[in-house]
Every structure is written in C-alpha cells, then in structure tokens.
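Asker: Sharing a structure with you now.
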Amino acid sequence: MKIIADPNIPYVREAFGPLGDIILVPGRQITAAAVRDADLLLVRSVTPVNAALLENSRVKFVATATIGVDHIDLDHLAARGIGFAGAAGSNANSVAEYIVAGLLELAHRQKFRLRDKTLGVVGVGNVGRRVVRYAEALGMRVLPNDPPRQRAEHLPQFVALDRLLAESAIVTLHVPLDDSTRHLFQAGNLRGFTLLNTARGAVVDNAALLKAIDGDRLDGCVLDVWENEPTISPELLDVVDLGTPHIAGYSFDGKVNGSRLIYEAACRFFELPATWRPQLPPAPVPVIELYVSPNDDDEDVIRHAVRRLYDITADDAALRQNVRAFDRLRAEYPVRREFANTHIQIRGGSRTLPATLAALGFQIG
C-alpha cells in the first residue's frame, strides 16, 4: 500500500509506516500527480481534497488529522466510494485552553475581571462545550448559541444570536465553516464586544473586522484564524490584541490524539490490526509551585499558572516578527502540553482557588 502523508502529522511514520510505503509531502505541495498512485491519503487543513486532486487517482481512503472538514469535498468522496475519517474532538481541549489563555491575557491588559463579564459562545460542539465549562469555572456568565443543537435538543439555556450579541461583553466563535457560517460576523454585527475567533477565518469578514477595529466599534480582538491563510492581512494583524498563526489546537496532546484517531480509522477500513500506541514525552513543566499572598486575586494567580504552561503572547510575538512565516511557524511549532499534565502545589490563597484550577484541568496536590 502506498501512503501519501503530510509530515506535520505527529508520529505519522511510526504509526503508518508499518501499513505500507509512506511518502511525506508538505501539505500545500500535495498535488494530483503526488497522489495518483496512492491508496491512502493523510492530510491536515492546508490541503484541499476534491475532484481536482483525486480524479485520476487510485486513492481508497482519505483522513484528515483535524477537527474541521471544510477542506474536504465529502460529496465527491462519497460519490467515488472513497472512505473518509476526520479527527473530530481530538484537539478540542487544546483550543479551549487557548481561549482560557486569551481571556486571561485580555483581562490583564484591559484591567477587568473575567468574573464580571458575560461570555457569548457561538457554537457549542466539542470545543464550545469545554469553553463553556472553563469560562464558568472562571466565574463568567455564559450565553451559549448553537442553532443546530437547539433545533435538535431544545436546550432551554441556549439563546439566539441577537440576544447573545446584545448581552455579551466577549464573544468567542467555535462553529464549522459552511454556507450558513461564512461571514456570519460582518459589518452589521461587529460592534460592542471583544471578539475571539479560533474557528475558521472566513466565519468573520476580515475586511469588515479591520474597519470595525479601526473605527473603535470593537473593544478587543484575538485571532488565531484568518481569511486567505497563509497570506494574511498585515494591517489586521497590526490592530488585533493578540494574533497567532492557526495554532490554537496545536497542543502536542491534541495533535497526537488526532494521529491516533485517523490511524485507528485507517486500520478499520483496510481491515488491519491497530497495534501502534503513541508514547508522549513528559510534560516540560510537571510541577508548578504557587505561593499566594493574602492580597493576590485568584484570577492573577491562575493567569500566572496558565502562562507557565502556555504563553499566548509568545505566539503573538512570533507572528508579528514575521507575518510571512505563517506556515513555518505552524510546521516548527514547539511542544505545548495541556494543563492536565501538570501538578500545581498551592501555598496560601483562597479556599476556591484549588477547585478552580482543578476545573481548568490542572492536577492539584
């Protein structure tokens, strides 16, 4: 079996090498010629998989090690009888932890407390559910919005988008990109709140967003996803509070989980035994000791702990230093482990601090 794979999929050689002859091709260089003789195609979000790519190929199975599938023509795959697997949910916790880091940094810079704010969560799937849970742990009032889930489940706590926008100080986006969500946020509703987008760039009209920020119609903005990646707007990067190169879901844990999911799916499809088990390296910071004075606010302590594990300002600085290195920053992204890999030992502090840190995923004690 011949396998074409994006080398940015962690452990791709270790997992898939025993299944056949594996050739690594950078995601943006995977062409029709490259996949013509392949049986298995493994991609990430930068490779459009459609009729133009697959028309004359013998590809039998396609897998994307990502939670989004807007780069995959699922109808074409179904029509050709080509098997498919994604990695839905694999890096959801990574994205949610990125949102926690972004919220804490915004609160610090703008001198407010998250517990005093209402967060609107647009899209309450694998990622949004975790964002809701973490935001509530931080004391925020949360307004969830998800029309497909509302129609299917009749959830009383869900609200309409208009109400969410009217009542939320901060809005975070976690929807897939499709015809109903493309430019869901545009000139008519980009006003009166702080925006975080870790979904897909085109969920927000980036030209309208730039005008809204320049016109002081937004209170702040954190962008991890952009229209026209990797050629993003330098002007927009200049005016957002935090800008990162589509790495919210790039925790090492999340990426390896994505590799595992598509490996197991490929083994099921080709009726092969799934014998590979990923061995993750130890966490870079396994123990954090926090010495908390009586005057320290819990939120400042939590921000300090989070920043020890993930410093979102470093990713922001790296992109600003070289906006043209968008793809390289992703390909060479350093190992970032999730909160659950780290123990926190607390000396002092409020009675509620350990429970809040535990609710964010840290191990306490």
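A short reminder: the numbers here are calculations on the coordinates, not readings from a lab. All figures in this text were calculated on a predicted structure; none of them were measured in a lab. For neighbour counting, all protein chains shown are included, and Cβ atoms are generated from backbone atoms with ideal geometry for every residue, glycine included.
Asker: Counting Lys +1, Arg +1, Asp -1, Glu -1, what net charge surrounds V124 among other residues with beta carbon under 12 Å of its beta carbon?
Answerer: Details: positive: R129, R130, R133, R149; negative: D146, E153.
Residues near V124 contribute +2 overall.
Asker: Give a residue-ordered list of calculated ³J(HN,Hα) values for segment 22-27 (Karplus: 6.51 cos²θ - 1.76 cosθ + 1.60, θ = phi - 60°; whole Hz; x for Gly, Pro).
Answerer: These are the phi-based 3J(HN,Hα) values: 9, 10, 8, 10, x, x Hz.
Asker: For segment 106-112, in order, what is each residue's ³J(HN,Hα) by Karplus, 6.51 cos²θ - 1.76 cosθ + 1.60 with θ = phi - 60°, in whole Hz (x at glycine and Pro)?
Answerer: 4, 4, 5, 5, 9, 6, 10
Asker: Let me ask something else about it. Can you tell me the length gained on complete extension of the stretch E136 to A274, counting 0.36 nm per residue apart and subtracting the Cα distance?
Answerer: Extra length available between E136 and A274 comes to 45.8 nm.
Asker: Please state the charge dipole magnitude for the chain, taken about the Cα centre, from unit charges on C-beta atoms (+1 on K and R, -1 on D and E), reported in debye and rounded to the nearest 20. Before the final figure, lay out the partial values.
Answerer: Details: 40 positive and 44 negative charges, 117 e Å.
Dipole magnitude for the chain comes out near 560 debye.
Asker: Mind listing which GluC sites (Glu not before Pro) in segment 206-299 are in a DSSP loop and have 10 or fewer other Cβ atoms within 10 Å? Write out the running numbers ahead of the final one.
Answerer: Working: sites: E227, E235, E264, E271, E289, E299; in loops: E227, E271.
Those satisfying the criteria are E271.
Asker: Charges on Cβ only, +1 for Lys and Arg, -1 for Asp and Glu, centred on the Cα centroid of the chain; of A208, T194, W276, which one is farthest towards the dipole's positive end?
Answerer: W276
Asker: Ordered by packing density, taken as the mean number of other Cβ atoms within 10 Å over each peptide's residues, highest first, how do 348-357, 37-46 rank? Please report the intermediate quantities before stating the final value.
Answerer: Details: 348-357: 15.9, 37-46: 22.7.
My ranking of the peptides, most packed first, is 37-46, 348-357.
Asker: Tell me which residues come under 5 Å, amide H to amide H, from V49 once H is placed; ignore anything under 5 positions away on its chain.
Answerer: Amide H neighbours of V49, under 5 Å, 5+ apart: I72, D73.
Asker: Here's a follow-up. Taking 0.36 nm per residue of separation and subtracting the Cα-Cα distance, what length does fully extending E289 through N50 add? Walk me through the numbers before you get to the answer.
Answerer: Details: separation 239, 0.36 × 239 = 86.04 nm, distance 5.04 nm.
Full extension from E289 to N50 adds 81.0 nm.
Asker: First measure r as the distance between the Cβ atoms of E264 and E14, then evaluate 1/(1 + (r/R0)^6) with R0 = 22 Å and state the FRET efficiency to the nearest 0.05.
Answerer: Working: r = 14 Å, r/R0 = 0.64.
My answer for the efficiency is 0.95.
Asker: Per residue of segment 85-93, what does 6.51 cos²θ - 1.76 cosθ + 1.60 with θ = phi - 60° give for ³J(HN,Hα)? Whole Hz please, x for Gly and Pro, Karplus curve as stated.
Answerer: Running phi through 6.51 cos²θ - 1.76 cosθ + 1.60 with θ = phi - 60° gives 8, x, 10, 3, x, 4, 10, 4, 5 Hz.
Asker: Excluding F16 itself, what net charge comes from residues whose Cβ is under 13 Å from its Cβ, given Lys and Arg +1 and Asp and Glu -1? Don't jump to the answer; show the numbers that get you there.
Answerer: Values: positive: K2, R13, R260; negative: D6, E14, D21, D39, E264.
The answer is -2.
Asker: I need the peptides 135-141, 330-336, 172-178 ranked by packing, meaning the mean over residues of other C-beta atoms within 10 angstrom, with the highest value on top.
Answerer: Numbers: 135-141: 18.6, 330-336: 15.4, 172-178: 20.9.
Listed from highest to lowest mean packing, they are 172-178, 135-141, 330-336.
Asker: Another question, then. As an exercise, use a Förster radius of 41 Å and the Cβ-Cβ distance of S350 and A314 to find the FRET efficiency, rounded to the nearest 0.05. Intermediate results must be reported in sequence, preceding the final value.
Answerer: Details: r = 29 Å, r/R0 = 0.70.
The pair S350/A314 has a calculated efficiency of 0.90.
Asker: Hey, of [x] 0.98; [y] 1.02; [z] 0.95, which did the structure itself give for Rg/Rh (Cα atoms, Kirkwood Rh) when calculated?
Answerer: Step by step, Rg/Rh (Cα atoms, Kirkwood Rh) for this structure corresponds to label [x].
Asker: What is the extension gain from N228 to A207, computed as 0.36 nm multiplied by their sequence separation minus the C-alpha to C-alpha distance, in nm to one decimal? Could the numbers behind the result be given before it?
Answerer: Details: separation 21, 0.36 × 21 = 7.56 nm, distance 1.15 nm.
Taking 0.36 nm per residue and subtracting the Cα distance, the gain is 6.4 nm.
Asker: Quick check: net charge around A38, other residues with Cβ under 12 Å of its Cβ, Lys/Arg +1 and Asp/Glu -1?
Answerer: Working: positive: K2, R36, R58, K60; negative: D21, D37, D39.
Residues close to A38 contribute a combined charge of +1.
Asker: I would also like to ask the following. Which of the peptides 8-21, 143-156 is most tightly packed, and how do the rest follow, judged by the mean count of other Cβ atoms within 10 Å per residue? Working shown, then result.
Answerer: Values: 8-21: 17.9, 143-156: 14.9.
The peptides rank, most packed first, as 8-21, 143-156.
Asker: Still on this structure, I have one more. Any idea how far apart D300 and L24 come out in nm if each label point goes 7 Å out from Cα toward Cβ?
Answerer: Result: 4.5 nm between the two label points.
Asker: Would you kindly calculate the translational diffusion coefficient of segment 92-243, applying Stokes-Einstein with the Kirkwood radius from alpha carbon pairs, for 10 °C and a viscosity of 1.306 mPa s, and quote it in µm² s⁻¹ without decimals?
Answerer: Estimated via Stokes-Einstein, D reaches 103 µm²/s.
Asker: Same structure again: Report, to the nearest 10°, how far helix 126-137 tilts away from the longest principal axis of the Cα atoms in the chain, using its own Cα long axis and a range of 0 to 90°.
Answerer: 20
Asker: Which far-off residues, 5 or more places away or on another chain, put their amide H under 5 Å from the one on F193, with H placed in the peptide plane?
Answerer: Excluding prolines and chain starts, which carry no amide H, the hits are D219.
Asker: A further question on this structure: Once the Cα atoms of helix 312-321 and of the chain are each reduced to a long axis, what angle between those two axes, in degrees from 0 to 90 to the nearest 10, is obtained?
Answerer: Result, in degrees: 60.
Asker: Here is a further query. Hey, what angle do you get for helix 298-309 against the long axis of the chain, alpha-carbon based, 0 to 90 degrees rounded to 10?
Answerer: Rounded to the nearest ten degrees, it is 30.
Asker: Calculate, for A358 and A166, the FRET efficiency according to 1/(1 + (r/R0)^6) with r their C-beta to C-beta distance and R0 45 Å; round to the nearest 0.05.
Answerer: Working: r = 33 Å, r/R0 = 0.74.
It comes to 0.85.
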